[in-house]
Amino acid sequence: MNPREDTFPAVAGVTHRFVRAGAVRLHVAEAGAGRPVLLLHSFPQHWYAWRRVIPGLAAGHRVLCPDFRGAGWSEAPAGGYDTGTRVDDLLALLDALGLDEVSIVSHGWGAWTAFALCLRAPERVRGHLALNMTHPWPERRALRRAAWRFWHTTLWELPLLGPAVLRHWPGLTRFLLRRWGAAEDGVEEFVRRSRRPGYARAGRELNWQFVVHDLPKLRHPAADRLRVPTELLAGRRDVLVPPALLGTALPVRVLDDCGHLIPEQRPDVVVAAARALFGDA
């Protein structure tokens with residue numbers, strides 16, 4: 001094993017633990033003390049995506065950054081990458097940590113899963129700040145107009161091709177992360193972890209399960225079904241999930257100077273918005 005395989009990138013004040021959450025062992029990065037806030041990363045990232053947000057939120061909160069199954073340092077089983085199972089993992093994690101209720105800040109794929117969690121178990125979520133992701137009720141015409149922006153997922157989601165691209169052609173992952181606005185101190189970290197064999201397969205499964213399970217079930221606007229106080233932050237320069245895709249079903253705040261990776265580009269805004277939404281301002 002490469003000696004770096006089990007070395008966590010350093011973030012001041014962060015500790016690490018592994019938690020058995022139902023059928024999977026999840027890695028959790030943790031910092032601070034106070035009311036718990038769960039930070040949920042996107043793909044192809046892991047907990048380190050929150051490195052610039054953690055210090056601000058940890059001043060007054062217990063910040064928990066789990067790696068989803070098949071990401072970062074969590075286990076990468078053969079299956080379980082559909083949204084429903086990812087929600088199961090999070091609920092099992094909260095139970096294992098003894099947390100009845102948490103606030104959530106989420107990004108991208110993590111936000112999609114967080115919306116599903118809020119719909120299934122709203123009593124477990126105090127508030128939800130979602131970054132750079134549509135809600136479960138996108139306007140279908142806007143979704144069709146934006147479909148071309150997700151061209152890269154075809155290379156990730158196909159059998160055999162998807163894992164091969166993630167493992168052996170990391171240039172695509174680097175290109176996308178930089179295009180989305182990733183800082184260089186994270187690009188190689190995310191590329192390296194996503195290239196491992198089981199994790200490359202997991203990345204393919206995550207994208208494919210969205211196609212076969214989630215896309216056919218997209219809902220019509222019905223935000224009144226969402227009982228959790230929720231706000232969306234969008235980047236005006238987001239080349240993947242533009243503000244026009246978010247519609248008006250939920251409150252949306254657009255940041256003019258941001259792209260797809262608001263946690264890296266404007267962590268100060270994320271911290272302030274989270275504190276305001278969760279009643280900590």
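Quick note: the coordinates plus some simple rules give every number you see, no bench work behind them. Fair warning: this is a prediction, and the values are worked out from it, not measured in the lab. Positions of Cβ are generated from backbone atoms using ideal geometry, with glycine treated the same way; all protein chains shown enter the neighbour counts.
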Determine the dipole magnitude for the chain: charges of +1 sit on the beta-carbon of Lys and Arg, -1 on that of Asp and Glu, nothing else is charged, the reference point is the Cα centre, and the result goes in debye to the nearest 20. 600
If the viscosity is 1.306 mPa s and the temperature 10 °C, what Stokes-Einstein diffusion coefficient in µm²/s follows for region 131-278 when Rh is the Kirkwood radius over Cα pairs? 95
Inter-part gap, Cα centre of region 73-131 to Cα centre of region 19-56, in whole angstrom, is 11
According to a simple spin-label model (label point 7 Å from Cα along Cα-to-Cβ), what is the distance in nm between residue 192 and residue 121? 3.3
Volume per residue that the Cα convex hull of the chain spans, once the total is divided by residue count, Å³: 118
Would you work out the Kirkwood radius for region 92-170? I mean one over the mean of 1/r across all pairs of different Cα atoms, in Å. 15.1
Difference of contour (0.36 nm per residue) and Cα-Cα distance, residue 59 to residue 147: 27.7 nm
Spin-label pair residue 25/residue 168, simplified geometry with 7 Å Cα→Cβ offset, distance in nm: 3.0
Cα→Cβ-extended label distance, 7 Å offset, between residue 272 and residue 184, nm: 2.9
Per DSSP, the loop-located GluC sites (Glu not before Pro) within region 99-149 having at most 14 other beta carbons within 10 Å are 101
PRE zone check, label point 7 Å out along Cα-to-Cβ of residue 212, amide N under 13 Å, scope region 81-122, hits 81-83
What are the semi-axes of the equivalent ellipsoid of region 191-281, taken as the square roots of 5 times the eigenvalues of the Cα gyration tensor, listed largest first and rounded to whole Å? 27, 21, 14
Measuring from centroid to centroid over Cα atoms, what is the spacing of region 144-161 and region 170-199 in Å? 17
